[in-house]
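Structure, as structure tokens:
The values are calculated or read from the model by the stated rules, or taken from the named source; none is laboratory data. Owing to the predicted nature of the structure, the values given are computational and were not obtained by experimental measurement. So basically every Cβ, Gly included, is an ideal-geometry build from the backbone, and we count neighbours across all protein chains shown. Protein only, heavy atoms only, side chains kept; ligands, DNA and RNA dropped before computing areas. Shrake-Rupley method; radii C 1.70, N 1.55, O 1.52, S 1.80 Å.
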Amino acid sequence: MRYLTFALAKGRLAKQSLEMFERIGITCEEMKDKDSRKLIFTNEELKIRFFLAKASDVPTYVEYGAADIGIVGKDTILEEGRKLYEVMNLGIGNCRMCVCGPQSASELLKHHERIRVATKYPAIAKDYFYNKKHQTVEIIKLNGSIELAPIVGLSEVIVDIVETGTTLKENGLTVLEEICPLSARMVVNQVSMKRENDRITKLIRDLRLLLQEENQ
Ligand code: PRP
């Protein structure tokens, strides 16, 4: 049996998805050693390997088949636009992709003004403004702390993830438009889906049952 390789988006999502895997009997003791600098962890018995990667790299590993399965946010899947199968919503990491800014910017959105939009997600922002709203905007790519942009005058609005809304509130900003809901998804390499169909189908079934039980 060949190894089934999982790429997990580093951070909270990896921790939560590993807990889900554990509840369906997929464990990886090696990964629990906090001091370890190892990048890849193996469960020899189940012939499973896990590795942690930067979220935006997870779809790349999966498209090229370096990982059979990936666990990553819908935001990253939309932004990266890789060729893969999205097979399951894991129901964790729930948040929203939104257009945000000071309340005063809502008029600019209504009147389809040519505004500047700062974001870590230029593909999502472009699709939303050009294809859905038919509004020409200038998209400015940033890599973090996006909320700063309208405060310091870099842009009129931002496209960013809103979870609790605390970051917006504490910086005098608000949600102006909602683009889409987001959560963690399981993605599968297109060839692996055929070659490892039995193992992957069982995994999806077990996770679905777990989610059903937990939602009852
Ligand atoms: C994300 C996002 C917002 C914040 C939203 O940032 O970009 O800034 O979380 O969360 P909230 O609605 O609960 O306040 P992240 O912490 O990932 O860091 P970043 O600013 O570097 O993107």
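Taking region 159-216 as the region of interest, how many residues are assigned to a helix (DSSP H, G or I) and under 30 Å from Leu109 (Cβ atoms)? Please lay out each step first, then the result.
The first filter runs over region 159-216 and keeps only residues assigned to a helix (DSSP H, G or I), leaving 166-170, 190-195, 197-215.
After this cut, where a residue has to be under 30 Å from Leu109 (Cβ atoms) as well, the list is 166-170.
Summing the residues that are assigned to a helix (DSSP H, G or I) and under 30 Å from Leu109 (Cβ atoms) in region 159-216 gives 5.
Just to verify a result, which residue in region 104-163, among those that are within 13 Å of the ligand (Cβ to nearest atom) and of a type in the set (D, E, K, R), is surrounded by the most Cβ atoms within 10 Å (Cβ to Cβ)?
Asp160
Applying the selection to region 164-181, what residues are touching a residue at least 24 places away in the same chain (Cβ under 8 Å) and within 11 Å of the ligand (Cβ to nearest atom)?
Quick first cut of region 164-181, residues touching a residue at least 24 places away in the same chain (Cβ under 8 Å) only: 168, 171-181.
Scanning region 164-181 gives Leu168, Asn171, Leu173, Val175.
Go through region 191-205 and count every residue that is more than 18 Å from Val72 (Cβ to Cβ) and surrounded by fewer than 16 Cβ atoms within 10 Å (Cβ to Cβ).
Residues of region 191-205 that are more than 18 Å from Val72 (Cβ to Cβ), as a first pass: 191, 194-199, 201-202, 205.
Filter once more, keeping what is surrounded by fewer than 16 Cβ atoms within 10 Å (Cβ to Cβ): 191, 194-195, 197-198, 201-202, 205.
Residues in region 191-205 being more than 18 Å from Val72 (Cβ to Cβ) and surrounded by fewer than 16 Cβ atoms within 10 Å (Cβ to Cβ): 8 in total.
Given the criterion hydrophobic (A, V, I, L, M, F, W, C), touching a Lys or Arg at 6+ places or on another chain (Cβ under 9 Å) and buried (at least 18 other Cβ atoms within 10 Å of the Cβ), identify the matching residue among Leu210, Leu182, Leu173. First the steps, then the outcome.
Values: Leu210 fails: buried (at least 18 other Cβ atoms within 10 Å of the Cβ); Leu173 fails: touching a Lys or Arg at 6+ places or on another chain (Cβ under 9 Å).
Just a single option satisfies the conditions, and that option is Leu182.
Could you say which residue among Asp127, Asp57, Asp75 is closer than 18 Å to Gly165 by Cα, in a helix (DSSP H, G or I) and at pLDDT 95 or above? Explain how you work it out, then say what you get.
Details: Asp127 fails: closer than 18 Å to Gly165 by Cα; Asp57 fails: closer than 18 Å to Gly165 by Cα.
Just one listed residue meets the conditions, Asp75.
List the residue pairs whose Cβ atoms are under 7 Å apart, where the first residue sits in region 24-41 and is within 28 Å of Lys202 (Cβ to Cβ), the second is among the polar types (S, T, N, Q) and in a strand (DSSP E or B), and the two are 6 or more positions apart or on different chains.
Close Cβ pairs (under 7 Å, with a partner that is among the polar types (S, T, N, Q) and in a strand (DSSP E or B)) amount to Thr27/Asn43; Cys28/Asn43; Glu30/Thr42.
For Met97, are the conditions met, namely being over 11 Å from the mean Cα position of the chain (by Cα) and within 30 Å of Leu209 (Cβ to Cβ)? Talk me through it step by step, then tell me what you get.
Numbers: over 11 Å from the mean Cα position of the chain (by Cα): no; within 30 Å of Leu209 (Cβ to Cβ): yes.
Against the criterion (over 11 Å from the mean Cα position of the chain (by Cα) and within 30 Å of Leu209 (Cβ to Cβ)), Met97 does not qualify.
Looking only at region 191-208, count every residue that is free of Cβ contacts under 8 Å to residues at least 12 places away in the same chain and either under 22 Å from Thr27 (Cα atoms) or in contact with a Phe, Trp or Tyr (Cβ under 7 Å, 6 or more places away or on another chain) (or both) and tell me the total.
Applying the first criterion (free of Cβ contacts under 8 Å to residues at least 12 places away in the same chain) to region 191-208 yields 194-195, 197-198, 201-202, 205.
Now narrow it down to the ones that are either under 22 Å from Thr27 (Cα atoms) or in contact with a Phe, Trp or Tyr (Cβ under 7 Å, 6 or more places away or on another chain) (or both): 197-198, 201-202, 205.
Residues flagged as free of Cβ contacts under 8 Å to residues at least 12 places away in the same chain and either under 22 Å from Thr27 (Cα atoms) or in contact with a Phe, Trp or Tyr (Cβ under 7 Å, 6 or more places away or on another chain) (or both) within region 191-208 amount to 5.
Read through the list (1) open to solvent by 60 Å² or more (accessible area, probe 1.4 Å); (2) under 18 Å from Ser192 (Cα atoms); (3) without any contact (Cβ under 8 Å) to a residue 40 or more places away in the chain, then give the number of the only condition that Thr60 fails.
Every listed condition holds for Thr60 apart from (1).
Against the conditions (1) within 23 Å of Met20 (Cβ to Cβ); (2) in contact (Cβ under 8 Å) with a residue 24 or more places away in the chain; (3) of a type in the set (Val, Ile, Thr); (4) open to solvent by 20 Å² or more (accessible area, probe 1.4 Å), where does Val188 fall short? Just the number, please.
That leaves (4) as the condition not met.
Which of the residues spanning region 91-103 are touching a Ser or Thr at 6+ places or on another chain (Cβ under 7 Å), open to solvent by 10 Å² or more (accessible area, probe 1.4 Å) and not in a helix (DSSP H, G or I)? Don't jump to the end; show me each part of the working.
Let us first name the residues in region 91-103 that are touching a Ser or Thr at 6+ places or on another chain (Cβ under 7 Å), namely 91-94, 100, 103.
From what is left, the residues that are open to solvent by 10 Å² or more (accessible area, probe 1.4 Å) are 91-94, 103.
Of everything in region 91-103, those that are touching a Ser or Thr at 6+ places or on another chain (Cβ under 7 Å), open to solvent by 10 Å² or more (accessible area, probe 1.4 Å) and not in a helix (DSSP H, G or I) turn out to be Gly91, Ile92, Gly93, Asn94.
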